[in-house]
Amino acid sequence: MSSRERRQGGSDSGNRKHLADILPIDRAAIESLSWALGTRVTGAGATRLFEAANPSTRSTLSVFEATEYTCIVRFRTPVGREKFFGVAASDLRPMLEELLEHEDWQSRDGQIENV
């Protein structure tokens, strides 16, 4: 149900983005999750810890609690496509801080300290 995100080279063809293209992240730290698993874990009753938006691309990045030490990150494109990743909370916090240093991304809900 999951696979390591170990993409090499430039960005994908088309507008598809990987989490590693959006966040300053060590690709070995990302666990790519299937859509079915991601939607089940982030569905009704899930605890959303943080959300950021990029108004220029109309993309959103939401962080949900999976366990005490693991978060699920949902990247949603402007057309509603979703990609899910599992990331250790301790790895994710600095990535989110660096993301918000870029003017493109803005916090919409929650605080990084909650992650």
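The values are calculated or read from the model by the stated rules, or taken from the named source; none is laboratory data. Since we're looking at a predicted model, the values are computed, not measured. We place every Cβ from the backbone using ideal geometry, glycine too, and count neighbours over all the protein chains shown.
Overview of results
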quantity	calculated
The stretch 88-110, residues that are among the polar types (S, T, N, Q) and surrounded by 14 or more Cβ atoms within 10 Å (Cβ to Cβ)	Ser107
Condition broken by Phe85, with the remaining ones in (1) surrounded by 14 or more Cβ atoms within 10 Å (Cβ to Cβ); (2) within 16 Å of Gln106 (Cβ to Cβ) satisfied	(2)
Breaking point among (1) surrounded by fewer than 19 Cβ atoms within 10 Å (Cβ to Cβ); (2) farther than 18 Å from Ile112 by Cα; (3) in contact with a Ser or Thr (Cβ under 9 Å, 6 or more places away or on another chain); (4) at pLDDT 90 or above, for Glu51	(2)
